[in-house]
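Enquirer: Let me give you the structure first, and then I'll get to my questions.
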Amino acid sequence: MYASIVFLPLIGSLIAGWLSLGNRDRAAELIACGCMLLSLLFSVIAFAQVAIGGQPITIDLARWIVSGDFEAMWRLRFDTLTAVMLIVVTGVSSMVHIYSVGYMSHDNARARFMAYLSLFTFAMLMLVTADNLVQLFFGWEGVGVASYLLIGFWYKKDSAHTAAMKAFVVNRVGDFGFALGILAVYQIFGSIQFDEIFANAAVMANTEISFLGSALPALEVAGILLFIGAMGKSAQLGLHTWLPDAMEGPTPVSALIHAATMVTAGVFMVCRLSPMLEYAPLSLDIITIVGALTAIFAATVGFTQFDIKRVIAYSTCSQLGYMFFAAGVSAYPAAMFHLTTHAFFKALLFLGAGSVIHAMSDEQDLRNMGGIWRKVPVTYAMMWIGSLALAGFPFFAGFYSKDMILEAAYAAHTGVGSLAFWLGCAAAFLTAFYSWRLLIMAFHGKPRASAEVMSHVHESPLVMTLPLLVLSIGAVFSGWLGYELFVGAGMDRFWGESILILPIHTAMEHAHHVPTWVKLLPVVLATSGVVLAVLCYSIWTGLPAAGVRTFRPIHAFFFNKWYFDELYDVIFVRPAVRIGVFLWQKGDRDTIDGLGPDGLSSLVMRVSAAASRLQSGFVFHYAFAMLIGVVALVTWYYLRFGGM
């Protein structure tokens, strides 16, 4: 059963891919959805046995790589950390598969799309069940390849295949750091098996490694390099630029990538490596700082955007920042708790946005929406639930997990913890503001779309709204149901040995005893953000334009995403293009081809042309040539033998 959880999506992908050759879309949809639902069912059983029942299990599949003393086994590791991720990945992916049946109904390559979705899910499941770093890297690269295929699914659109290439290239930067981190771990521990690494982490805490000519703390180097990989996959500040552009893919892709799978891989990896990172305090501080800066950066950008999917995408980036700074202060259970709750309400928001786009005849600009809430009541209600959970209102899922992260950051009583707490509070205010800005602009006010578009606005079919209803249950109840297990009194028993927190790191323990104002502040800020959004976009509608005019430079800075794309274009893209053009023209064309095949063939052609001119067909030309030959021969003979 356990192996079936991982390989059922692969089987569904292979069959759907084969069926796509004959354009048998309906059969491919049924098989892909059926395999995913079976995988979800088995994941629920595995969660009950492994996480609730406390029965972790490891399954040997095969010897994978053997080279000298190096050996990598292909094993499936099922502990509590894996069991949680299985529920999240298969649960959201199943809803996305079903939703895609309706959303992609007019596409002529539905079977291929289903094959890609299932392949993506298989790669993610391989990642979360990995028992060693190489196997994890296999799944890591698998989700990268699948995301490239999904983002560029509509490959005839220039923006789609450009976004796919951007995602692939930016992730390669992070993956290079990840690969170096794996090599560093092998150099330190002589193994890439998790159990061996974790068992010896305390012994290696004070060892050093030679890196760039300097002796550096070994675990710090390995931890930072591995975190660079997580930064790329989870779109943290600096390697985040691919995430908004990934919106060029179909909306179900956005939900799958941004909710439960690819972008959470980095958070999962950091939590998986907690037994090693606990002995690398500098790495944890860097994780905290980067996560906190990402949370506020993405929030400042999100409240200025107008594309409905981009607003939600930046919200994902911001929430991932919360998860990372939670892990950075050793509150790994809080990070995993927010990862779980976030998966439900963020998938709900993305699929809800897809339902809005579907109703508005593929319109994505909030400025061209409005006045549709009566026509799409189910979608409207689902977006409300998702927004309440995202903003962290009491009794919704995000309230329990986000507040626990902020309380843990405060309870860490460190400089980086305090920085994360205050930046997280500011991001909470902005999150509530742009969530209600989206709701009001999309559903309320006077219709801003054309009369023709408005005449076609309608609720999505049941195959699209049913997944929304299922996800809304998670967005409402997952926080309440999971609190005690994930971060409450039963936390130690629930997580077992899958997460390690050293006694000196007390953020999780003290988070339950923070001052009352710390507990109330996020709710007050969220409420303030909602009130401000209502004032700006429902009552005093001229306020946003006045604010833009008053703070034009700041607004431009936020609207242009802190100019990261422009900065990278100047520093990396343009120089790379110039170097490429130079190497192509001077190196390849003029030197290699000029002196090589093109040069030799040109020389032969010139010699042949010169020789062909001698064959003129006139007798006197041939006689003249013979005379020159005789004179040359006589001259040579005279010079050679005339003096004898």
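Enquirer: On the protein heavy atoms, probe 1.4 angstrom, tell me the percent of accessible surface of the chain carried by carbon and sulfur.
Expert: The nonpolar share, carbon plus sulfur, comes to 69 percent.
Enquirer: Can you give the Rg/Rh ratio of the range 381-485, where Rg is from the C-alpha atoms and Rh is the Kirkwood radius?
Expert: 1.11
Enquirer: Which lysines, on any chain, are close to LYS233 with Cα under 17 Å apart, when same-chain ones fewer than 8 places away are left out?
Expert: Leaving aside lysines fewer than 8 places away in the same chain, those within reach of LYS233 are LYS166.
Enquirer: Against the 2.2 N^0.38 Å scaling, with N counting residues, where does the range 1-106 land? I'd like the Cα-based Rg ratio to two decimal places.
Expert: Compared with the compact-globule rule of thumb, the range 1-106 sits at 1.28.
Enquirer: In the range 579-596, which residues have a backbone nitrogen under 20 Å from the label point lying 7 Å from MET605's Cα in the Cα-to-Cβ direction?
Expert: 585-596
Enquirer: Another question about this same structure. What full-extension length gain, to one decimal in nm, is calculated for ILE65 and PHE618 as 0.36 nm per residue of separation minus the Cα-Cα distance? Intermediate values should be presented prior to the final figure.
Expert: Working: separation 553, 0.36 × 553 = 199.08 nm, distance 7.53 nm.
Gain on stretching ILE65 to PHE618: 191.5 nm.
Enquirer: Compute the separation of the alpha-carbon centres of the range 555-611 and the range 52-98 and state it in Å as a whole number.
Expert: 45 Å
Enquirer: Using Cα positions and a limit of under 14 Å, work out the aspartates and glutamates in reach of LYS156, with same-chain residues fewer than 8 apart set aside.
Expert: In chain and number order, the partners are ASP107, GLU248.
Enquirer: Write out the chymotrypsin sites (Phe, Trp or Tyr not before Pro) in the range 270-312 meeting two conditions: DSSP loop, and at most 16 other Cβ atoms within 10 Å of their Cβ.
Expert: PHE306
Enquirer: Would you tell me the accessible area of ARG574, worked out with a 1.4 angstrom probe on the heavy atoms of the protein chains, in Å² to the nearest 10?
Expert: Using a 1.4 Å probe on the heavy atoms, I get roughly 130 Å².
Enquirer: Sorted from largest to smallest, which semi-axis lengths in Å does the alpha carbon gyration tensor of the range 96-140 give for its equivalent ellipsoid, taking the root of 5 times each eigenvalue?
Expert: So the equivalent ellipsoid measures 29, 9, 5 Å along its semi-axes.
Enquirer: Spin-label point model (7 Å from Cα, Cβ direction): what's the LEU595 to GLN55 distance in nm?
Expert: Modelled inter-label distance: 7.1 nm.
Enquirer: Leaving out ligands and nucleic acids, and using a 1.4 Å probe, what accessible area per residue does the range 304-351 come to in Å²?
Expert: 6 Å²
Enquirer: Now, a different point. With unit charges on the beta carbon (Lys/Arg positive, Asp/Glu negative), name the residue among PRO394, PHE641, GLY488 whose Cα is farthest towards the positive pole of the charge dipole of the chain.
Expert: The one lying farthest along the dipole's positive direction is PHE641.
Enquirer: Please give every one of the lysines within straight-line cross-link reach of LYS519, meaning a C-alpha to C-alpha distance under 19 Å, and leave out same-chain neighbours fewer than 8 residues apart.
Expert: The qualifying lysines are LYS402.
Enquirer: Then there is this: For the range 229-372, count all C-alpha to C-alpha pairs, find those more than 20 Å apart, and express that count as a whole percent of the total.
Expert: Counting pairs separated by more than 20 Å, the tail of P(r) holds 45 percent.
Enquirer: If contacts are Cα pairs under 8 angstrom and at least 6 residues apart, what is the relative contact order of the chain in percent?
Expert: Details: 1095 pairs, mean separation 78.6, N = 644.
It rounds to 12 percent for the chain.
Enquirer: Could you give the distance between the Cα centres of the range 311-326 and the range 35-49, to the whole Å?
Expert: So the two Cα centres are separated by 28 Å.
Enquirer: Follow-up. At 10 °C and a viscosity of 1.306 mPa s, what translational diffusion coefficient does Stokes-Einstein give for the range 474-569, taking Rh as the Kirkwood radius over Cα pairs? Give it in µm²/s as a whole number.
Expert: D = 87 µm²/s.
Enquirer: Okay, moving on. Between Rg and the Kirkwood Rh of the chain, both from Cα atoms, what is the Rg to Rh ratio?
Expert: 1.14
Enquirer: To the nearest 20 debye, what charge dipole does the chain have about its Cα centre, counting +1 at the Cβ of each Lys and Arg and -1 at the Cβ of each Asp and Glu?
Expert: Dipole magnitude for the chain comes out near 1820 debye.
Enquirer: Right, next: Could you tell me how many degrees, from 0 to 90 and to the nearest 10, lie between the Cα long axis of helix 308-328 and the main elongation axis, the longest principal axis, of the Cα atoms of the chain?
Expert: The answer is roughly 80 degrees.
Enquirer: A further question follows. Using Cα centres only, tell me the gap between the range 226-287 and the range 155-225 in whole Å.
Expert: Their Cα centres are 13 Å away from one another.
Enquirer: Another question, if that's okay. Remind me, what semi-axes does the range 293-409 give for its equivalent ellipsoid, largest first in whole Å, using sqrt of 5 times each Cα gyration tensor eigenvalue? List each step's numbers first, then the result.
Expert: Values: eigenvalues 157, 47, 20 Å².
In descending order the semi-axes read 28, 15, 10 Å.
Enquirer: Something else now. Can you give the charge dipole size of the range 494-644 about its Cα centre, rounded to the nearest 20 debye, using +1 on the beta carbon of Lys and Arg and -1 on the beta carbon of Asp and Glu?
Expert: 600 debye
Enquirer: Something else now. Would you mind working out the accessible area per residue for the range 571-644, using a 1.4 Å probe, and quoting it in Å²? Could you put the intermediate results ahead of the total?
Expert: Values: 6530 Å² over 74 residues.
I get 88 Å² per residue for the range 571-644.
Enquirer: In the range 485-644, if the dipole is taken from +1 on Lys/Arg beta carbons and -1 on Asp/Glu beta carbons about the Cα centre, which of THR591, ALA632, PHE620 is farthest to the positive end?
Expert: Selected residue: PHE620.
Enquirer: Determine the relative contact order of the range 34-144: mean sequence separation of Cα pairs under 8 Å and six or more apart, normalised by residue count, in whole percent. Before the final figure, lay out the partial values.
Expert: Working: 129 pairs, mean separation 28.4, N = 111.
It comes to 26 percent, rounded to a whole number.
Enquirer: What size of dipole, in debye to the nearest 20, comes out for the range 1-134 about its Cα centre when the only charges are +1 on Lys and Arg C-beta atoms and -1 on Asp and Glu C-beta atoms? Provide the component values of the computation, followed by the final result.
Expert: Working: 7 positive and 8 negative charges, 69 e Å.
Rounded to the nearest 20 debye, it is 340 debye.
The values are calculated or read from the model by the stated rules, or taken from the named source; none is laboratory data. All values reported here derive from a predicted model rather than from experimental measurement. FYI the Cβ positions are ideal-geometry reconstructions off the backbone, even for glycines, and counts take in every protein chain you see. Side chains included, ligands, DNA and RNA excluded: accessible areas come from the protein's heavy atoms. Shrake-Rupley method; radii C 1.70, N 1.55, O 1.52, S 1.80 Å.
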